[in-house]
Each structure stands twice: as structure tokens, then as C-alpha cells.
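Since the structure comes first, as C-alpha cells, the remarks are kept for the end.
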DNA sequence: CTGTTAGCGCATTCAG
DNA sequence: CTGAATGCGCTAACAG
């Protein structure tokens, strides 16, 4: 109150427009900044009357804490990174929606990070990652970690949850891709198909046990069960995109002995394949059967036989796992396995002349 | 080096695991923290030899600046908020991808914010928005601002760019939705249709000039041009989702005098309508023609006649506009208008008996 | 229950 | 060209 040491402010650069601070609130409420801090954060040891007065003043001034200052003082940032190969692919967008909903509810901020190209990935996971340093948590969607990266992250203070990769160190959300692909392929086999094509993922996979890898494994197993051999010429890379799926299909069907059925490792590729079949003048399932994976919201429109899974739930679950990691007795690392179910619709049928 | 005042550290809570600081780098490089700061940020007035030595040490220790401390000192955060109604809808995911790519390239962080429900929206735009305070920029995708919100944001220090809304205050990226919808409807009219249904957006739109509003306006204008009246019973709300589009279609087609053609304001709704038509046993375009809007990647697979636009480009452009806003002589507010083009495919044809 | 006092890690005048 | 000092806004002991 007394203008004792009033002219203390020397505001140098005047970066922020105005931005009222905790000090301002304290002054107007006639309390110390410490009390304001306690009151506003709902900490104990604050007289009810004091608290409400502080809250009132804060509201009047529409005071908002500077998260950066807070972060600097506490060490927590309440923001988690969400890493996806890309955000404009159906599956990842669904997962992201699930994650965002849960985390936003918990008052966490979500930093979106596409790691499609190697650059983005490096920026996030390399030793000198400036972004990682500002995160309390990290959710990785199909961004596969190498052993080294796992070690680095585990040594770090950041909480991590993976979706699509199982590791010993971090909680995860996965589905049994092998079993699901096995079921999908068996369905084709049961129908009588003997030449079954595979439209798969990226060729340059560095890690053996990624999602497409597991699905492929299920496919091969089903073949073996039926005493069939795997033929490399029945496999094509569709890059998990509609366009890629379409091109892969054209490739497969223009071989000397084309398959009578095709298993695409994602619905988007399957729909691309559907398109290619149409362009090629092939009837589905008359000339060729097609199975997808995902149960994309448009799969039903196409009558696409596919493996259903629930990516939004995967994301929400991953978000919850991450939040749980903050509990005081740290929970044990849990690995959630989501459901999958074969949905037989109308793009599959027995092969011609069967 | 000399242990003069060495035991100065009193590390209270030991929040961060270890996290080497600028001070550590300074010590090892035998310079002051000020010099390290200058050297690492490429500022002038640093001897080349000193700079390289500092850089070397920083690299060895894999030092990374603490963004929060930096932010507190400078006032800039290098992070921009990306607000979307939801992230798991095709259009928004595409825009987000475009935004993310451009901003990540520029070293900016992207904070994802879904404002689907009112809560998320309030959290971002209300007076006491803790998130807004930590942003240098804000990109709003179809998140329409009221006059009050515009004023608040303009008074703020944050740079904003809108996509899908034109305002005087902020740069924007839009398309001429009215003209595009006019063209789409004219196409149907030219084909001979006289009863044209509309599958539109959310019923509870508070603002008149939103995206669905403009498209609807183009539709009505086309009708008037052809001396036709607008009939409320020819309009149904599809909520911009596949499912909603499907339901809206069922609703429209089960009326006493169903339309012979339908214009859906998004491809996702159009595809839902396609599905419904199939369920209802209606042939497309035999019994009913359908036009969409977007040119969703699957539109071609369905042979869907639609209005093409390029959402990823919209996002990238918005990102670039935002980055430009940081230039010293602030650029004048630019309003970019993206292209649209009617793509006639196979879901439209003259009405029966025409 | 409340105020005082140190920092959190970095950027930045202002002297040298 | 470089270093010492100060403050960004807030939280966290530690005394009262």
C-alpha cells in the first residue's frame, strides 16, 4: 500500500501485451502471492473467506496463470506429445480423436507431432530433442521404437504409452493382429480360395514385429495351415493408402496367374483395390474377393468384408493409461489388448467355378 | 574451476531427472552463460572460435534449451494452437496435416485442440483461457468466431488465422462455397431435376455465414435461378457425418414426394446417402442422383460427382500465413481463396423419364 | 492460516 | 567480444 518501493518495475522489453500476473491479484486481494497461488490451486491451508476473495479478484481480472512460469517452477508441463506417422489417415485420426478427448478432459495439452518422414521422427526421438524436453508424457501411435530409443526414453522422466507396439518397458494398447489376419485369411480359404494375394505395408520396415508384420504373419500361417506356400509374387505394397492399394491391386491382377482373392492390410487399401477392380472390369466378389482391415466408417457402404477394430477406443485407452502413470504408487505396466472381429459382408464369395 | 563458491546448489525438489543446463555448458566451455546463449542462438558478437567451442560442448552434453525457461524470459513460445471441431473427420484431418507439415518445418510446435463440444471451445476462447496464454499463434479451422471473440483475440498478442471464416481482422483461407454450391446445384438442374434435396449441416448454427450456410445459399440461389422455390421438407440435417448423411437420406426419400436428386454438403454425408439409397433399394443415379462436396479420397471410388477442393493445401496455406504474421513490418491481412471445381462422375444423371 | 524468500533456466541490458 | 547482474511469473520450503 505504502508507496515505499513502488517504482520497482522496470519492464524492459514489454513482450506481453499486458498480462496481469499473480502479483497483481495478490495486491488487489490484499494477500501475498503465495496465498494466491495456494488459493487458486485449491490447496489446503487457506481460510475459506480468503480463498473466495482471491478467486473473486482473479475472476474480475480474468487472471490466467502463465503456464510457462509455472512449468519452470514445478517441473511439470501438463502437456503430452502425440506422435503419429501422419494425421490424415483414417486410423490415426481416429486414435488421435480418442487420445485428445481423454487428455483434454484431464486438462492436459496435446502436442501433435507427425513423424512420417525421418526428419520429424528424429526431431522427436533423437538425443537432442527440444520437444521431448517439454513433455510430461508421450503417446506413440505405430511409431515403432528401437531398443536404443526405448532405453533412452525409459531413462528419461517422460511417461510413455505405445499403441501398436508391445514393449516390456511401457504400457501399451494393441490388438492381436496375427490372430485377426489369420481369421481373415482362413475365411478366404474356407470359401475355397487357393491363390490369395496380399496388399501390405511399407517395404522398408526396419523392425520385424510391426503391425503390418504381424498381420502378414497371420496370413502366412493361415496359408501354411491349408498346406499352401507363400508366394512372393502374390504380395504387393500398397503403402496403407487408397491410391497405393489401387496400384497394388492392378499389379497383382495383371500377373499371369492372378489371385482369386486379396487380403488388404487396411480398409483404405482395400477400397483402393475395389476401385482398381472396377477399373479393370473385374466383378467383386464374382471375379475376385477382397478383405480389408479396420472397419473404416465407409467399409459398410462398400459392403467390404473386413476385420473390425475400434481405433478411437485405442486412443482413449492409451490416454487413460498415460494419466494413470502419474499416480503416486506407479501402477504396474499394463498391456491392453483391444478386440477384433471378422465382419463378413459382400466382397467375399467362393471363387469362380467352386 | 576453483571451488570458490561451489556448494551453492541447494536443489530442493529435484524435479527433472538430470537435465543439463546452460550453466553446465558455460562451465565446461569456460565462458559465461550469456556467451553460451548468444553462441547457440547464432547471434553476432561471438568470436568464431568461442562459438564453435561452445557448440561442441553443447553437442557433447546433448544440451537442449528448456523451452519453458526460454519462453518465460522472452515472451515467445513458438507454439501455435490448432483448433478444429474434431480431428477424425476427413476434411479436418487433411487440413491439420497441411498445417502441421508447414509449422513443424518452421520449428513450431502444434497444440491440437478439439472444440467439438462447447466445453473445449470455451476452454480455448473464453476470457480466462490458460491455453491461449501459452500460444504465439492460433489457427482456427471452421471454428467460427463471434464479434466479441474477434475483438478479444485481436486485442491479444496472439496471431490468428482462420480457415473457413472470413473476418476483417485476421488473415484467412476460404473457398467460394456459395459459388461452388451454385455450380453443383446447377449441374443437377441442367440435368433436368426439379426436386432437389439438400443434406446439410448442424441445425444449431449460431452464425449465419458459416460454411454450410454459404453452401446452402448457393443451393437456394440456383433454385431461384430456375424459378423453383425452396422447400423446407427437401432439406435434412446430416451432421457432416457418414451416419448422419445416411439417416438424412432415408428421411428425404421416405417422404410422399421424394427428391429425384440430392446435394450433400460434404462427401462423407454423400457417401452415407449412397449407402442409404442402396439399403432402400434405390439405384444411383437411376432412381436418384447424388452430388457431394470435398472430393474425398474415396469419392472417386464411388464415382461420386462432387466439388473438388484441396484441404491439405488450405492447411498449409494457413500455416504459411501464420508464419508470415511474425515478420517485422507486419504484412497486410491477406485473404486467400482456394480453388473449387465441379467433378462430374457417375452418381448424377437425368431424372427418370427425362 | 499467511507472508518471506529463494530459486526454476534462460535472455538481456550494461559495463568492461 | 565477453561477463556480471537482473528479472520473466510462479511454486515451494520455512518461518511466523
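The values are calculated or read from the model by the stated rules, or taken from the named source; none is laboratory data. Because the structure is predicted, anything quoted here is derived from the model rather than measured. All Cβ positions, glycine included, derive from the backbone under ideal geometry; neighbour counts span all protein chains shown.
Here are a few things to note about the model shown:
- So residue B:213, is it free of Cβ contacts under 8 Å to residues at least 60 places away in the same chain, under 25 Å from residue B:335 (Cα atoms) and out of contact with any helix residue (DSSP H, G or I) (no Cβ under 8 Å at 6 or more places or on another chain): yes
- Checked against the criterion of being within 19 Å of residue A:235 (Cβ to Cβ) and touching a strand residue (DSSP E or B) at 6+ places or on another chain (Cβ under 9 Å), the candidates A:246, A:346, A:266 yield just one match: A:266.
- Odd one out for residue A:325 among (1) modelled with pLDDT of 95 or more; (2) away from chain B (no Cβ under 13 Å): (1)
- Going through (1) within 21 Å of residue B:239 (Cα to Cα); (2) over 17 Å from the mean Cα position of the chain (by Cα) one by one, residue B:183 falls short only on (1).
- Matching residues, segment B:70-90, being more than 16 Å from DNA strand D (Cβ to nearest atom) and without any contact (Cβ under 8 Å) to a residue 40 or more places away in the chain: B:86, B:87, B:88
- Matching residues in segment A:307-354 - criterion: being touching a residue at least 24 places away in the same chain (Cβ under 8 Å) and more than 30 Å from residue A:168 (Cα to Cα): A:343, A:344, A:345, A:346, A:347, A:348, A:349, A:350, A:351, A:352, A:354
- Being surrounded by 17 or more Cβ atoms within 10 Å (Cβ to Cβ) and more than 7 Å from chain A (Cβ to nearest Cβ) holds for only one residue in B:136, B:156, B:66, and it is B:136.
- The set of residues from segment A:23-38 being within 12 Å of DNA strand C (Cβ to nearest atom), under 30 Å from residue B:153 (Cβ atoms) and either more than 37 Å from the chain's Cα centre (by Cα) or within 12 Å of chain B (Cβ to nearest Cβ) (or both) comprises A:23, A:25, A:26, A:27, A:29, A:33, A:36.
- Search result, residues across segment A:319-351 that are closer than 23 Å to residue A:271 by Cβ and in a loop (DSSP other than H, G, I, E, B): A:339, A:340, A:344, A:345, A:346, A:347, A:348, A:349, A:350, A:351
- Identity of the residue in segment B:39-63, within 8 Å of DNA strand D (Cβ to nearest atom) and not in a helix (DSSP H, G or I), that ends up farthest from the other protein chains (Cβ to nearest Cβ): B:47
- In segment B:39-63, the residue that is nearest to residue B:125 (Cα to Cα) out of those that are surrounded by fewer than 19 Cβ atoms within 10 Å (Cβ to Cβ) and within 8 Å of DNA strand C (Cβ to nearest atom) is B:41.
- Within segment A:30-44, residues that are assigned by TED's automatic domain parsing to the domain that holds residue A:63 reach partners that are within 8 Å of DNA strand D (Cβ to nearest atom) with beta carbons closer than 6 Å, at six or more positions or on different chains, in the pairs A:33/A:22; A:33/A:23; A:36/A:22; A:36/A:25.
- Strands (runs of 3 or more DSSP E) lying entirely in segment B:73-188 (those with 3 or more residues that are closer than 30 Å to residue A:297 by Cα): B:79-84, B:109-114, B:137-141, B:172-175
- Residue pairs whose Cβ atoms lie under 7 Å apart, sitting 6 or more positions apart in sequence or on different chains, and linking a residue in segment B:48-69 that is touching a residue at least 12 places away in the same chain (Cβ under 8 Å) to a partner that is more than 14 Å from DNA strand D (Cβ to nearest atom) and part of a helix (DSSP H, G or I), are B:61/B:24; B:66/A:133.
- Residue in segment A:191-203 that is within 27 Å of residue A:116 (Cα to Cα), without any contact (Cβ under 8 Å) to a residue 40 or more places away in the chain and not assigned by TED's automatic domain parsing to the domain that holds residue A:149 present: yes
- Any hit, segment A:310-317, residues being buried (at least 19 other Cβ atoms within 10 Å of the Cβ), within 29 Å of residue A:229 (Cβ to Cβ) and within 14 Å of another protein chain (Cβ to nearest Cβ): no
- Some residue of segment B:170-185 being within 12 Å of another protein chain (Cβ to nearest Cβ) and either in contact with a strand residue (DSSP E or B) (Cβ under 7 Å, 6 or more places away or on another chain) or at pLDDT below 95 (or both): no
- Residue check, residue B:125 touching a helix residue (DSSP H, G or I) at 6+ places or on another chain (Cβ under 9 Å) and within 16 Å of DNA strand C (Cβ to nearest atom): no
- Filter result (at pLDDT 90 or above and within 16 Å of DNA strand C (Cβ to nearest atom)) within segment B:75-92: B:79
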